[in-house]
Amino acid sequence: MSLMQEFGQRALDRGVPLSVQLDVTYRCNERCIHCYLDHDDHGEMTIAEIRDVLDQLADAGVFFLTLSGGEVFMRRDFFDIVEYARSLMFCVKIKTNAFMIGEEEARRLHELMVQDVQVSIYSHRAEVHDAITLLPGSLKRTVEGIRRLRAQGVKVIVANVLMMQNLGDYSGVIQLAEDLGAEYTIDPTITPMMDGDRNVLRLGLGVPQLQDVFRNSDLVGDVDEFCAPPPAMHEDVLRELPCSAGHTACYISPYGDLYPCVQFPLPSGNVRSQKFMDIWLHSEQLNDVRSITAADLPVCSGCGHVGSCSRCPGLAYMEGSMRGPSTQDCQKSYARTGIESANMRLKKAGSASPGLVQIAALLS
Amino acid sequence: MRSVYISRATSVAARSLDGEMMIMSARDSTLFTLNPAGTIIWQSADGKMPLAEIVKQKICVEFDADPAEALEDAEQFVSDLASHGILVVSDSPITQPELHSKTVTRGS
Ligand SMILES: C[S@@+](CC[C@H](N)C(=O)[O-])C[C@H]1O[C@@H](n2cnc3c(N)ncnc32)[C@H](O)[C@@H]1O
Ligand code: SF4
Ligand code: SF4
């Protein structure tokens with residue numbers, strides 16, 4: 001077990017929130033076609049409120065603090081936030097589009113010893129990237145921002161979210177990241193809007209595209225291993241916890257709302273009216289999330305993929321139930337292994353009913 | 001004997017988890033963990049109190065250790081951490097930039 005895993009286990013045993021993502025604003029200079037956010041300002045926390053929250057997070061034992069948005073540099077006081085967070089000795093990570101990172105910003109991020117900066121790039125071709133961000137010139141500016149960070153020695157991770165618009169370009173983005181001296185991470189999942197609107201999902205990859213991605217050894221390493229059929233079900237699997245959301249991690253919005261994760265917008269409290277630790281320890285919603293093991297999942301517990309599936313409880317929640325399957329993860333399990341999920345079989349059985357098909361056709 | 005003063009490097013990330021410090025070096029992202037004695041030394045590293053005093057007043061009291069042996073161990077520990085850029089060592093008191101002192105004792 002690595003030291004990090006050991007810390008993770010210890011935090012889990014003690015109920016310590018090891019990692020928190022704090023979005024400091026939802027405002028943004030870009031208008032990405034897939035973005036899950038509403039960019040209007042509905043009353044962001046002030047710097048004083050954020051400082052108080054950071055004090056409380058340090059008290060609670062939070063080590064990793066991810067500052068994201070929206071676009072963090074839309075806040076004029078962003079460096080005050082980073083400075084305060086570093087004075088509290090958080091391991092600070094930042095997510096940004098890097099459009100507004102000039103020499104001065106890069107220098108300060110280096111001086112403040114930010115752990116890493118994750119920057120979104122959708123394509124190495126400006127016409128593709130800029131058509132996603134809807135901001136002309138954005139790829140050029142983003143790459144310049146990354147160059148400045150790298151010149152200061154700041155660690156950069158290029159994050160490449162895949163959708164139909166940029167599917168063919170990931171090799172170009174990998175090469176660009178390499179040229180910039182940055183790490184690279186890929187995310188093949190488009191998530192619904194935070195308010196539940198699922199329209200953006202139409203931009204996401206389908207099974208054939210996922211199959212291509214999952215069979216590329218540059219992305220997944222050992223393809224045979226990655227795409228192997230799930231191992232025979234084992235008792236231990238059913239006792240496993242889904243992910244760190246709500247267990248050792250949580251998310252705080254610019255308005256103080258606390259959720260288990262940015263992708264799991266289950267309202268669990270608000271740090272403007274409650275103490276962070278009160279929410280963390282006593283929120284009914286967080287305790288509900290914590291009580292779930294794989295055995296409690298009505299569909300997934302009977303699915304052969306359950307031990308190896310990337311099932312996201314947040315996506316399941318947005319689909320209707322945090323104990324339900326997540327169709328996008330079913331698709332991924334299927335694209336990897338070619339084996340249908342329990343959820344897919346159920347849906348097929350449901351839609352095979354001639355009566356239902358008839359009614360749907362009549363209504364539409 | 002010449003006094004040694006120690007101060008926490010401001011470049012690291014650090015938090016106490018269950019009574020033990022976890023520290024990440026900003027230089028190379030290496031993660032460290034300090035045992036309870038190391039944690040006490042880290043938390044006392046204010047640049048003002050000489051290492052020998054920290055050992056005498058805190059380590060020996062807490063762990064009922066032999067002062068000479070404990071000091072030798074502490075010197076080795078301090079030089080290890082200094083070589084990773086986690087502690088700053090000096091033969092005169094060190095003025096620390098503003099760090100919120102509460103942080104180093106928090107979260108346990
Ligand atoms: C919300 S942004 C905030 C940080 C910064 N503005 C940026 O774009 O990198 C964080 C990440 O979420 C991704 N993202 C936004 N909407 C998404 C969606 N609907 N599905 C999946 N990822 C999404 C972005 O591409 C980006 O990599
Ligand atoms: S830059 Fe980030 S926050 Fe802004 S619209 Fe794009 S994905 Fe959303
Ligand atoms: S493949 Fe679908 S049904 Fe099976 S475990 Fe994953 S989310 Fe659940």
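The values are calculated or read from the model by the stated rules, or taken from the named source; none is laboratory data. Note that the structure is predicted; figures quoted are calculated from it, not measured. Cβ sites come from the backbone with ideal geometry, for glycine too, and all protein chains shown count toward neighbours.
Please identify the pairs in which a residue from region A:280-308 that is farther than 18 Å from A:Pro231 by Cα has its Cβ atom under 6 Å from the Cβ atom of a residue that is away from ligand 1 (no atom under 16 Å from the Cβ) and of a type in the set (Ser, Thr, Tyr), counting only partners at least 6 apart or on another chain.
What qualifies is A:Ser283/A:Ser268; A:Gln285/A:Ser268; A:Leu286/A:Ser268.
Given (1) crowded, with 23+ Cβ neighbours inside 10 Å; (2) over 16 Å from the mean Cα position of the chain (by Cα); (3) not basic (Lys, Arg), identify the lone condition not met by A:Tyr259.
The number of the failed condition is (2).
Please go through region A:132-151 and give me each residue that is touching a residue at least 40 places away in the same chain (Cβ under 8 Å) and among the basic types (Lys, Arg), ordered by number.
A:Arg141, A:Arg148
Name the single residue, out of those in region A:81-118 being closer than 16 Å to A:Leu54 by Cβ and charged (D, E, K, R), that is farthest from ligand 3 (Cβ to nearest atom).
Result: A:Glu83.
I'm trying to understand the selection: among the residues of region A:104-117, which are part of a helix (DSSP H, G or I) and either among the polar types (S, T, N, Q) or more than 18 Å from A:Gly69 (Cβ to Cβ) (or both)?
Residues satisfying the conditions are A:Glu104, A:Ala106, A:Arg107, A:His110, A:Glu111.
Taking A:Pro298, is it under 23 Å from the mean Cα position of the chain (by Cα) and surrounded by fewer than 15 Cβ atoms within 10 Å (Cβ to Cβ)?
no
Filter region B:22-42 down to the residues that are touching a residue at least 60 places away in the same chain (Cβ under 8 Å) and touching a Gly at 6+ places or on another chain (Cβ under 7 Å) and list them by number.
B:Ser25
Taking the residues in region A:10-67 that are free of Cβ contacts under 8 Å to residues at least 60 places away in the same chain and among the polar types (S, T, N, Q) as candidates, determine which candidate is nearest to ligand 1 (Cβ to nearest atom).
The selected residue is A:Thr66.
Being among the hydroxyl-bearing types (Ser, Thr, Tyr) and within 16 Å of ligand 2 (Cβ to nearest atom) is the filter here, so list the residues in region A:25-48 that pass it.
Hits for region A:25-48 are A:Thr25, A:Tyr26, A:Tyr36.
Taking A:Val92, is it more than 20 Å from the chain's Cα centre (by Cα), within 30 Å of A:Ile190 (Cβ to Cβ) and at pLDDT 95 or above?
Judged against the criteria, A:Val92 is not a match.
Of all the residues that make up region B:23-39, how many are closer than 15 Å to A:Gln115 by Cα and either surrounded by 21 or more Cβ atoms within 10 Å (Cβ to Cβ) or of a type in the set (S, T, N, Q) (or both)?
6
For region A:113-133, which residues satisfy the criterion of being more than 13 Å from ligand 2 (Cβ to nearest atom) and within 28 Å of B:Asp28 (Cα to Cα)?
Answer for region A:113-133, where residues must be more than 13 Å from ligand 2 (Cβ to nearest atom) and within 28 Å of B:Asp28 (Cα to Cα): A:Met113, A:Val114, A:Gln115, A:Asp116, A:Val117.
I'm checking my understanding of the structure. Among residues of region A:317-329 that are touching a residue at least 12 places away in the same chain (Cβ under 8 Å) and either outside any loop (DSSP other than H, G, I, E, B) or more than 7 Å from ligand 3 (Cβ to nearest atom) (or both), which one is farthest from the other protein chains (Cβ to nearest Cβ)?
A:Thr327
Going residue by residue through region A:14-24, is there one that turns out to be closer than 24 Å to A:Leu88 by Cα and near ligand 2 (Cβ under 10 Å from one of its atoms)?
yes
Hey, can you tell me all the residues within region B:8-20 that are at positive phi and more than 9 Å from every other protein chain (Cβ to nearest Cβ)?
Across region B:8-20, the qualifying residue is only B:Gly19.
Among the residues of region A:191-243, how many are among the hydroxyl-bearing types (Ser, Thr, Tyr) and modelled with pLDDT under 90?
Residues in region A:191-243 being among the hydroxyl-bearing types (Ser, Thr, Tyr) and modelled with pLDDT under 90: 0 in total.
Let's see how each residue does on (1) of a type in the set (A, V, I, L, M, F, W, C); (2) closer than 29 Å to A:Gln209 by Cβ:
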| residue | (1), (2) |
| --- | --- |
| A:Ser283 | no, no |
| A:Leu297 | yes, yes |
| A:Cys303 | yes, yes |
| A:Arg311 | no, yes |
| A:Leu315 | yes, yes |
| A:Met322 | yes, yes |
| A:Lys332 | no, yes |
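For (1) hydrophobic (A, V, I, L, M, F, W, C); (2) more than 14 Å from chain A (Cβ to nearest Cβ); (3) more than 18 Å from B:Phe77 (Cβ to Cβ), each residue gets a yes or a no:
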residue	(1), (2), (3)
B:Ser3	no, yes, no
B:Ile6	yes, yes, no
B:Met22	yes, no, no
B:Ala26	yes, no, yes
B:Thr30	no, no, no
B:Leu34	yes, no, no
B:Ala45	yes, no, no
B:Lys48	no, yes, yes
